[in-house]
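One structure is given below, encoded as structure tokens.
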């Protein structure tokens, strides 16, 4: 039984990695057509946009509430067995690398599993990674809208043999500017030091 669970989880993670690689290839192709800065940060790519969601304290927020600070945005979910906690941990390490400059950055987890990820659950989850991390949830339609604006793929994966489901999804960290503009993105596995260097160049 446990061997079968491990195989399914391994397969799910592999699917996420493949999808993530394909997504990165698409964005990089768009970036090649749109242009990139000499520092390698992708620019002029249509990623991001307005949203109206609920944060982990139960407060209604919009993208306007984050103006004036950089944002590190990640789309994931609290039941994720491996990829999400790993990537959120890397975000936390990148913030630590920034030292005092980390106060200029707000790390944000936007759930792609609003069915389970309530504000209350996010309130327990996001502080495990960083005290400044904000968790965002909302209706299925609101999550779909913001995911589309960030070009995020996700879908539910169900198996009748199990009482829970997994989510396939792309795994990128998006660096957004003080006015909500897209600055750069980091693929799964990007070193925290590399992430911090790119962030610091925008502070």
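Cα atoms only: what Rg and Dmax, in Å, come out for region 46-166?
Over region 46-166's Cα set, Rg and Dmax evaluate to 14.3, 49 Å.
Arrange 77, 174, 162 by Cβ neighbour counts within 10 Å, fewest through most, would you?
So the ranking, lowest neighbour count to highest, is 162, 174, 77.
Every read-out reported here was derived from the displayed coordinates using simple, explicitly stated rules and does not represent laboratory data. Computed from a predicted structure; not experimentally measured. Positions of Cβ are generated from backbone atoms using ideal geometry, with glycine treated the same way; all protein chains shown enter the neighbour counts.
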